[in-house]
Amino acid sequence: MDNISPRVTSKSPLPFPLPFKSHNLLKRLEYIIKLTTCSKFYDLINEPLTDPLILDNALSTICYSSLLISELLKRKPQLYKIFKNIYLKLLDLLIKYTSNKQLNNWLVKQKLRTTTTTTAAAKIPFDDATALKLRNLSNYLSDIRIFNRLWAIPSLISFGLTDLKTISKSTNKSKLMKLLETIGTISIVLFQPFENIGFLTEHKWTTKNHDDFKSSKLSEWYYIISCRFWAVFVVVEIIKLLKQLKLKGTGDSVLFKSLVANFANLPLTVHWSCYGGCLSDLSVGFFGTFSTLLDTTHAVKDIINNVKKLEL
């Protein structure tokens, strides 16, 4: 019997993996239970969100990424066709330059299968319900962000006055740079009240009559003026950051992230400074996502690192 029965030893792979995996699973479950019942865990999540800027960045990332995904879903059939065509062209090149018959036959079969799949996929109707939900979420978050900024005027005025004093007292900057920074500071301070009035007018909180057309046109005008001030601020910030990076070197991650954010914001400021806009919703979603993605990712990493340090 010993010759036909498998002998179980300490090195046998069969009996040990299951208890080992179960032990790991139990430890993970125990850790999750301890973590989710620890008040400090929720404090660590909430702490960054008490900073208005971090909260706005997080909402912005969700807002624009929802819009981006929504627009990609709308274009799913076209994108599917584009990527399939690229794949088919790649297969054609490989078939043309492959000398191995076995590999060549496999590539031909792949091409035939891909062509058949493409034809079948083209007949499938596209359901845009998910795209619509994501678009609605994006619109809702956009309103929340602007509403939150209604209360930013006092802190913004304080920032503006402090910044203007700092600029005037600076001795290591040229007159041109001082002028640019002054224009940038004044622009971002003026941006906020115009955006606030545009938002209030859009929601008919400032007009006596409820004429939708008049409210829409008036709010659009305020939004456009506010975005033109924002555009001036962004241009000045890019000039400042490029100069600082030139002096400090490209290794400064904080300056680099800020530069990426401002370069991503620049086309958005142009888009919203024009009547009717100049970018597609797909482009708006793309640039908007990348304008805050690095900051949001950094904030999430900080939360994860702090959670790992918790003693449970």
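Since every read-out is calculated from the coordinates, none of them should be taken as a lab result. From a predicted model like this one, the values you see are computed outputs, not experimental measurements. All Cβ positions, even for glycine, are placed from backbone atoms using ideal geometry, and neighbour counts span all protein chains on display.
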Taking only Cα atoms of region 131-255, the Rg to Rh ratio with Kirkwood Rh works out at 1.08
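How much length is gained on full extension from Leu88 to Leu25, taking 0.36 nm per residue of separation minus their Cα-Cα distance?
On the way: separation 63, 0.36 × 63 = 22.68 nm, distance 4.39 nm.
Here the segment from Leu88 to Leu25 would lengthen by 18.3 nm.
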Using packing as a proxy for protection, rank 214-227, 42-55 so that the peptide with the highest average count of other Cβ atoms within 10 Å comes first.
-> 214-227, 42-55
Radius of gyration and Dmax over the Cα atoms of the chain, both given in Å = 28.2, 97
Dipole of the chain [Lys/Arg +1, Asp/Glu -1 at C-beta], most positive-end residue of Leu282, Leu91, Ile153 | Leu91
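Divide by every residue of the chain the summed helix terms, -39500 (n - 2.57) for each DSSP H run of at least 4, and state the resulting mean residue ellipticity at 222 nm, rounded to the nearest 500 deg cm²/dmol. If you can, show how the numbers build up before the last one.
Working: 11 runs with 247 residues, N = 312.
So the calculated ellipticity at 222 nm is -27500 deg cm²/dmol.
How big is the dipole moment of region 152-296 about its Cα centre under a simple scheme where the beta carbon of each Lys and Arg is +1, that of each Asp and Glu is -1, and everything else is neutral? Debye, nearest 20, please.
On the way: 15 positive and 11 negative charges, 151 e Å.
Result for region 152-296 is approximately 720 debye, rounded to the nearest 20.
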So the angle from the long Cα axis of helix 253-272 to the longest Cα principal axis of the chain, reported in degrees to the nearest 10, equals 70 degrees
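Return the subset of Lys133/Lys204; Lys133/Lys217; Lys178/Lys217; Lys40/Lys240; Lys204/Lys257; Lys243/Lys308 for which the Cα-Cα distance in this structure is over 30 Å, preserving the input order.
Working: Lys133/Lys204 25 Å; Lys133/Lys217 27 Å; Lys178/Lys217 36 Å; Lys40/Lys240 40 Å; Lys204/Lys257 38 Å; Lys243/Lys308 38 Å.
Too far apart for the 30 Å limit: Lys178/Lys217; Lys40/Lys240; Lys204/Lys257; Lys243/Lys308.
How big is the charge dipole of the chain about its Cα centre, in debye rounded to the nearest 20, if each Lys and Arg gets +1 on its Cβ and each Asp and Glu gets -1 on its Cβ? Kindly include the intermediate steps, with their values, before the conclusion.
Working: 41 positive and 24 negative charges, 271 e Å.
It comes to approximately 1300 debye.
How big is D, in µm² s⁻¹, for region 61-150 by Stokes-Einstein at 37 °C and 0.692 mPa s if Rh is the Kirkwood radius over C-alpha pairs?
Details: Rh = 16.0 Å.
It diffuses with D of about 205 µm²/s by this estimate.
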Helix 153-169 sits off the longest principal axis of the Cα atoms of the chain, rounded to the nearest 10 on a 0 to 90 degree scale, by 70 degrees
